[in-house]
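This report concerns only the one structure given below.
The values are calculated or read from the model by the stated rules, or taken from the named source; none is laboratory data. Computed from a predicted model, the values in this text were never measured in an experiment. Cβ placement follows ideal geometry from the backbone for every residue including glycine, while neighbour counts extend to all protein chains displayed.
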Amino acid sequence: MSWPSIDRLKSWGGWRRNGHPRRQIYLQMDLTSTCGLRCRHCFRTVIKLPRYTMTQAQIRILGKEVFPWVNRLALSETGEILGLPILDEALSTASEAGIPFVRIQTNGVQLDEKVGKVLLDNGLSALGISVDAASAQTYESIRRGGSFEEVIQNIRSFVQLRNRHPSPKTSIALNFVLCTPNAEETLDFLLLAKELGVDSVAFSHLMIESEEMRKWSLIYDPATANSLHADIRRRSYELRIPIALPPDLPSGIRMHTPDKMPDLGFWGYCEAAHDNWMYMMFNGDCFPCLNLQGSGPIGNVFNQPFAEIWNGLFNQSFRRTARNDGFARGCDHCKAFISQAVAGDEKGYLSNRLTSMSTASLGIEDKVALSSAGAR
Ligand SMILES: C[S@@+](CC[C@H](N)C(=O)[O-])C[C@H]1O[C@@H](n2cnc3c(N)ncnc32)[C@H](O)[C@@H]1O
Ligand code: SF4
């Protein structure tokens, strides 16, 4: 008798946990390409996306074809979804499909009472709200187009609404991208988070999207960055507010040399492969990871069965090689999961436009297929 493979055991584990034999995927997706803000640090300052939002009919397809595979769902990776008319439909479809964990990341601008009720009534598991500052001046210089007072009031009201809800299962986290324009406000930010009554704060380092952004990054001065990390840890402990914080930086950063980019591939821990990630763009195109868009889509959920995409040769061989050999083909460096071992590699903080140029070669404006039904 031969032993079952690890993949098989994992899928049995998924079956036992979630009542569905195929429910094993962490789907990270976008319902829309659009956003009303123009944040200074966002990739939108360097890439122009076509305006596109999924339709109700497409969401129904996801409910039937894709969501039964999904164990965890992140509904908004690169766009802003709280103002979308399809928000309720998307959340209720995910809930009816039995997805045990659904998360939304938002700028909080449209988090009014009506939207808050939609989130809570659909049993949203986690809401992340990007704030990035503890003062109106800094907030409004980074999150251009947003009002600090309004967003803070929205958060305050949503926390109260959540606390009064009959089944208050939504955890609320604030997000803060560490960079020079806001570094001095981190400790006040923890105090603000505590005062608002949110459950945690997630810090991350800036993903450098353009040459101009290099000067806002903290990674080039590891001693100052690590001292800030230490202060954040201390204040989080004093205030009893949980945090997520990137690993400390080693004393020397390994700088990326453009002319030394080897054949595209990353030797290291690939979270996407180990944790069964899939990224789905707003037009239904799928990628083994958000960072692999430069290699082109491995299929489109609106044109073919999801099983065909997931079990396809490219997806499965990518995952096998990454898990078994520690080599993620097509990836310039993991950016989603920076472990202590790779925290000192500049490539982890550089968008692939600045390393492999793979996203630039994607030519996203031209290649995204627009259907007249979904285009806005
Ligand atoms: C692209 S936004 C999309 C979701 C939503 N619009 C928001 O702002 O939260 C997702 C997250 O990425 C963060 N982000 C944007 N640009 C970034 C950068 N250059 N480096 C690191 N994080 C960035 C945002 O602050 C936000 O927390
Ligand atoms: S709100 Fe989010 S998606 Fe919109 S510009 Fe800011 S970071 Fe980018």
TODO: Give the residue that is surrounded by the most Cβ atoms within 10 Å (Cβ to Cβ), with candidates limited to residues of the range 131-149 that are among the aliphatic types (A, V, I, L, M) and not in a helix (DSSP H, G or I).
DONE: VAL131
Task: SER251 more than 22 Å from the chain's Cα centre (by Cα) and closer than 28 Å to THR186 by Cβ - done: yes
TODO: Return a yes/no flag: does the range 37-52 have any residue that is away from ligand 1 (no atom under 11 Å from the Cβ) and buried (at least 20 other Cβ atoms within 10 Å of the Cβ).
DONE: yes
Open item on the list: Residues that are out of contact with any Gly (no Cβ under 7 Å at 6 or more places or on another chain) and in contact (Cβ under 8 Å) with a residue 40 or more places away in the chain, at least 1 per element: which strands (runs of 3 or more DSSP E) completely within the range 45-130 meet that?
Closed with: 70-74, 126-130
- [ ] Check LYS169 against each of (1) under 30 Å from GLU346 (Cβ atoms); (2) away from ligand 1 (no atom under 16 Å from the Cβ); (3) not in a helix (DSSP H, G or I) and name the one condition it does not meet.
- [x] (1)
Task: Qualifying positions in the range 275-330 - in a strand (DSSP E or B), among the aliphatic types (A, V, I, L, M) and within 18 Å of GLY63 (Cβ to Cβ) - done: MET278, MET280
- [ ] Filter the range 199-221 for residues that are in contact with an Asp or Glu (Cβ under 9 Å, 6 or more places away or on another chain) and surrounded by fewer than 18 Cβ atoms within 10 Å (Cβ to Cβ) and give the result.
- [x] TYR220
Open item on the list: Between LEU190, LEU196, which is more than 16 Å from ligand 2 (Cβ to nearest atom), buried (at least 20 other Cβ atoms within 10 Å of the Cβ) and modelled with pLDDT of 95 or more?
Closed with: LEU190
